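The values are calculated or read from the model by the stated rules, or taken from the named source; none is laboratory data. It should be emphasised that the depicted structure is a prediction, and the values quoted were computed from it without experimental measurement. Positions of Cβ are backbone-derived with ideal geometry, glycine not excepted, and every protein chain shown enters the neighbour counts.
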Ligand SMILES: Nc1ncnc2c1ncn2[C@@H]1O[C@H](COP(=O)(O)OP(=O)(O)OP(=O)(O)O)[C@@H](O)[C@H]1O
Ligand SMILES: C=C(C)CCOP(=O)(O)O
């Protein structure tokens, strides 16, 4: 079974000021994913559908008064509805390409404690896989057990790491909008060099992209999640979804330019 993360930076216009789908990319990426015909779980990021609201409503910050609590509730509603809309469009496109994609809404079965997954029964995911479906999950706004924050944002990266370990995935592929992990942000440092393999000991610099909201730590958040996975002997790879054919090659087991995290 493989788990593939479709990054919000590839599926949406992440630096847009309102939720904006990249329809051309979605169509191509869905076609490429359809080349894989075995057990698969898809997790997608939120891009401009989730980070804008999560940032605006400061979901995950400590709640200090009743007004802030009400505002967080409003923010969770808007964030969930927005990422749900993105998920609907993605599942509809995947189904058009012949993939039996079904939504499993993270906020309906995952609860965090201090922003880390604490409750997550994967039984229903296993049952859908056994019945030939492709479960599609996504970064979402969830309930948090910590009474001071009550709500949190869970990234697609944390979800794939949890599922890969719990369901013993054979391969984990993350498709973003860069070729892999670089020595520095390649969008701001043209001298940055692509790194073939990243381990706990790899020295690198990650920076956020100032022109967009990102509440889950961007590339650094991703790397930290994947290094936790590597501690459990499950390696993963980051590839560029923007390069036509990369996802098709990766799901087909062919070599693709990128970074292995091990
Ligand atoms: N050292 C680095 N190597 C590679 N990319 C980096 C680095 N530092 C920062 N970045 C930035 O990280 C971005 C990718 O991280 P991001 O979290 O946006 O990916 P994503 O998974 O597609 O998004 P989402 O989390 O919304 O699903 C790239 O666009 C790049 O500009
Ligand atoms: C911002 C929200 C709602 C989810 C973030 O998940 P990610 O895009 O995978 O980092």
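A few points about this structure:
- Matching residues in segment 202-222 - criterion: being more than 8 Å from ligand 1 (Cβ to nearest atom) and either at pLDDT 90 or above or closer than 25 Å to residue 2 by Cβ (or both): 202
Rundown of residues vs (1) in contact with a strand residue (DSSP E or B) (Cβ under 8 Å, 6 or more places away or on another chain); (2) away from ligand 1 (no atom under 16 Å from the Cβ), yes/no style:
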{"position": "71", "(1), (2)": "no, yes"}
{"position": "89", "(1), (2)": "yes, no"}
{"position": "97", "(1), (2)": "no, yes"}
{"position": "117", "(1), (2)": "yes, yes"}
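- Conditions (1) more than 8 Å from ligand 1 (Cβ to nearest atom); (2) in contact (Cβ under 8 Å) with a residue 12 or more places away in the chain; (3) more than 16 Å from the chain's Cα centre (by Cα): number failed by residue 188: (1)
- From the list 246, 209, 233, the lone residue that is in contact (Cβ under 8 Å) with a residue 24 or more places away in the chain and surrounded by fewer than 18 Cβ atoms within 10 Å (Cβ to Cβ) is 209.
- Screening segment 1-62 for helices (runs of 4 or more DSSP H) wholly inside it with 1 or more residues that are within 30 Å of residue 130 (Cβ to Cβ) and more than 10 Å from ligand 2 (Cβ to nearest atom) returns the ranges 8-11, 23-33.
- Residue pairs whose Cβ atoms lie under 9 Å apart, sitting 6 or more positions apart in sequence or on different chains, and linking a residue in segment 144-164 that is more than 11 Å from residue 61 (Cα to Cα) and free of Cβ contacts under 8 Å to residues at least 12 places away in the same chain to a partner that is assigned to a helix (DSSP H, G or I) and within 16 Å of ligand 1 (Cβ to nearest atom), do not occur here.
- Boolean, residue 123 is farther than 20 Å from residue 58 by Cβ, more than 11 Å from ligand 1 (Cβ to nearest atom) and surrounded by 19 or more Cβ atoms within 10 Å (Cβ to Cβ): no
- If only residues of segment 131-143 that are under 16 Å from residue 111 (Cα atoms) and free of Cβ contacts under 8 Å to residues at least 60 places away in the same chain are counted, the one that is farthest from ligand 2 (Cβ to nearest atom) is 143.
- Considering residues of segment 208-262 that are more than 13 Å from ligand 2 (Cβ to nearest atom), touching a strand residue (DSSP E or B) at 6+ places or on another chain (Cβ under 9 Å) and assigned to a helix (DSSP H, G or I) only, the residue nearest to residue 186 (Cα to Cα): 246
- Verdict on residue 101 being over 21 Å from residue 58 (Cα atoms) and either within 16 Å of ligand 1 (Cβ to nearest atom) or crowded, with 17+ Cβ neighbours inside 10 Å (or both): yes
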